[in-house]
Amino acid sequence: MPFPSAVLKPSVSQRVGIALGSNLGRKLAHLQIARDLLKNIAVPGALFRQAPIYQTEPVHCPDGSPDFFNTVVEFAFTGTPFDLLGHTQAIEFKLGREATPERNAPRIIDVDILYFGSEEIDAGLLVLPHPRLTSRRFVLQPLADIRPELVLPGDQVTIAEHLQHLDSAEAPLALVQAHW
């Protein structure tokens, strides 16, 4: 599949959604620092949305993994999806996330791109919209808090509708902090 134009060259600003998660150390502080670093790459003066922070049980993580703090932010970004991926990976590195061979191992910070405007990308290292976004309550709930009417590229229904019809064994989310 050829790359969409936005993958190859910077474009006008796009609204992008980013999921943030932490289940090690000072979880709230890690989310705040990651948010602030994302604000530094956002289009100045454009709306920056941030969902409440929820405590969630680990999903598909090793036994004994601590609970997560999860949230979602959305902002305007100018650049390519791969530029944004570089920024998100740099934030994880800056906050001390270590590579581990164990899938879904506990981590200081997780910064995942959920969507990038209307782009649909399947480039191995980067798949957008995020392929598991609509099957995870810990992403859908905070995203629905800030963008319930959002319809993802290639989709037919809103985020609120996905959340309403979610068939998941995930435990209900516990609100940690509405304003942060």
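Taking every residue in segment 78-91 that is among the acidic types (Asp, Glu) and pairing it with any residue that is open to solvent by 10 Å² or more (accessible area, probe 1.4 Å), at least 6 positions away or on another chain, the pairs with Cβ-Cβ distances below 8 Å are Asp83/Pro10.
Yes/no matrix, rows are residues, columns are (1) modelled with pLDDT of 95 or more; (2) more than 24 Å from Ala51 (Cα to Cα):
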| site | (1), (2) |
| --- | --- |
| Thr71 | yes, no |
| Gly96 | no, no |
| Pro106 | no, no |
| Asp112 | yes, no |
| Ser118 | yes, no |
| Leu125 | no, yes |
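Which one is nearest to Asp145 (Cα to Cα), of the residues in segment 158-180 that are part of a loop (DSSP other than H, G, I, E, B) and open to solvent by 50 Å² or more (accessible area, probe 1.4 Å)?
Only one residue fits best here, namely His179.
Scanning segment 39-69 for residues that are open to solvent by 70 Å² or more (accessible area, probe 1.4 Å) and aliphatic (A, V, I, L, M) gives a single hit, Leu47.
Pairing residues of segment 118-140 that are open to solvent by less than 20 Å² (accessible area, probe 1.4 Å) with residues that are aromatic (Phe, Trp, Tyr) and modelled with pLDDT under 95, at Cβ distances under 8 Å and at least 6 apart in sequence or on separate chains, gives Ile121/Phe3.
The values are calculated or read from the model by the stated rules, or taken from the named source; none is laboratory data. Computed from a predicted structure; not experimentally measured. For neighbour counting, all protein chains shown are included, and Cβ atoms are generated from backbone atoms with ideal geometry for every residue, glycine included. Surface areas here come from the heavy atoms of the whole protein model, side chains and all, with no ligands, DNA or RNA. Shrake-Rupley method; radii C 1.70, N 1.55, O 1.52, S 1.80 Å.
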